[in-house]
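*Asks:* Attaching a single structure in structure tokens format; questions to follow.
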Amino acid sequence: MRPGNQNSSQVRGPGRRRVDMTIAKAFTLRGNTQLQVRFESFNVFNWRQFNNPNTTVTSPTFGLITSVAATRTGQIGLRLTF
């Protein structure tokens with residue numbers, strides 16, 4: 001293979017790791033009616049998730065990782081079952 005002829009899909013980026021967590025509590029209201037409260041957190045330990053390296057051969061940052069993905073996020077949810 002000649003230099004500059006490589007397909008960018010053949011370049012691998014760094015691995016990813018993350019831990020997600022959910023805490024939920026269900027309350028019985030009346031009869032069969034139930035209310036569930038949930039808190040969900042993604043990337044609990046806030047580990048950096050590096051993006052793929054730059055694959056543009058003519059760029060001065062070729063081969064460098066210059067950005068990271070989104071950090072820790074969370075959401076709250078309610079679910080009413082009847």
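The values are calculated or read from the model by the stated rules, or taken from the named source; none is laboratory data. Note that this is a predicted model, so its numbers are computed, not measured. So basically every Cβ, Gly included, is an ideal-geometry build from the backbone, and we count neighbours across all protein chains shown. Just so you know, the surface numbers come from the protein's heavy atoms only, side chains and all, with ligands and any DNA or RNA stripped out. Shrake-Rupley method; radii C 1.70, N 1.55, O 1.52, S 1.80 Å.
*Asks:* For residues that are aliphatic (A, V, I, L, M) and part of a loop (DSSP other than H, G, I, E, B), tally how many sit in region 30-82.
*Replies:* Residues meeting the conditions: 6.
*Asks:* Does region 56-82 hold any residues that are within 25 Å of Arg17 (Cα to Cα) and either open to solvent by 60 Å² or more (accessible area, probe 1.4 Å) or touching an Asp or Glu at 6+ places or on another chain (Cβ under 6 Å) (or both), and which are they?
*Replies:* The answer is Phe62, Leu64, Ile65, Thr66, Val68, Ala70, Thr71, Arg72, Thr73, Gln75, Ile76.
*Asks:* In region 39-55, how many are of a type in the set (Val, Ile, Thr) and either in contact with a Ser or Thr (Cβ under 8 Å, 6 or more places away or on another chain) or open to solvent by 50 Å² or more (accessible area, probe 1.4 Å) (or both)?
*Replies:* Looking only at that region, the number is 1.
*Asks:* Taking only pairs six or more apart or across chains, which ones have beta-carbon atoms under 6 Å, a first residue in region 1-23 that is at positive phi, and a second residue that is part of a loop (DSSP other than H, G, I, E, B) and at pLDDT 60 or above?
*Replies:* Listed by first residue and then by second, the contacts come to Gly4/Val57.
*Asks:* How many residues does region 9-38 hold that are open to solvent by less than 90 Å² (accessible area, probe 1.4 Å), of a type outside the set (Val, Ile, Thr) and closer than 18 Å to Gln75 by Cβ?
*Replies:* Summing the residues that are open to solvent by less than 90 Å² (accessible area, probe 1.4 Å), of a type outside the set (Val, Ile, Thr) and closer than 18 Å to Gln75 by Cβ in region 9-38 gives 7.
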